[in-house]
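For reference, the structure is listed below as structure tokens.
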């Protein structure tokens with residue numbers, strides 16, 4: 001009977017101590033401080049791991065890492081390419097400017113201020129009254145009343161005027177004894193219509209050969 005009472009007392013004491021232990025544990029948990037908020041610097045490794053996890057996987061199963069050396073090499077290549085393109089465009093622009101300046105210089109040099117000009121080497125085919133062709137070989141010199149600017153285009157126009165003078169009136173005077181004088185007069189009239197009445201002073205036929 002005495003042993004039964006002792007066991008009952010032990011069970012009552014154990015039951016009484018259990019709430020204390022739970023209360024103590026709850027107090028300890030209540031006494032813990034809340035976790036401190038992490039800073040952006042501390043979250044940087046997690047961000048990097050997240051970015052690297054989204055990269056395509058290499059053949060070995062590892063993520064294809066883009067390290068700083070690769071990025072720096074890519075940036076350097078882009079800067080070099082941009083500089084090369086800019087240099088190429090600048091060189092092309094300079095070449096275009098030099099070409100334009102050269103063309104302008106040649107155009108200025110082609111316009112000469114002269115008082116007389118020579119037009120050699122004419123070879124003109126003329127049909128006579130009998131239908132036979134004769135060839136006129138001649139050199140012509142033109143004298144102006146004053147100094148004029150004679151461009152290459154103007155020289156071409158003068159040569160054409162001399163040629164037309166022989167082709168238009170040649171069949172009339174080619175067989176005459178004074179064909180040279182008549183040729184000169186026809187050239188003068190043709191050039192006066194081209195250059196104007198006051199510009200032309202005289203025309204000289206320095207070589208005149210009919211074949």
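Read-outs: derived from the displayed coordinates by stated rules, not from any lab. Remember, predicted model here, so these are calculated numbers, not experimental data. No Cβ is skipped: glycine too gets one built from the backbone with ideal geometry, and neighbour counts run over all protein chains shown.
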**OP:** Please say if region 112-210 is rounded, prolate or oblate, where rounded means a/c under 1.5 for a ≥ b ≥ c the square roots of the C-alpha gyration tensor eigenvalues, and otherwise the choice is prolate for a/b larger than b/c and oblate otherwise?
**Re:** prolate
Subject >> Inter-label distance for residue 197 and residue 94, nm, one decimal - labels placed 7 Å from Cα along Cα-to-Cβ >> reply: 5.7 nm
Subject >> Proxy reagent accessibility, fewest Cβ within 10 Å first, across 187, 114 >> reply: 114, 187
Original post:
Using a Förster distance of 25 Å, how high is the FRET efficiency between residue 147 and residue 182, based on the Cβ-Cβ distance and rounded to 0.05?
Top reply: 0.25
Original post:
If you rank 191, 89, 164 by fewest surrounding Cβ atoms within 10 Å, what's the result?
Top reply: 89, 164, 191
Original post:
What FRET efficiency would be calculated for the residue pair residue 76, residue 101, taking the C-beta separation as r and a Förster radius of 25 Å, to the nearest 0.05?
Top reply: 0.10
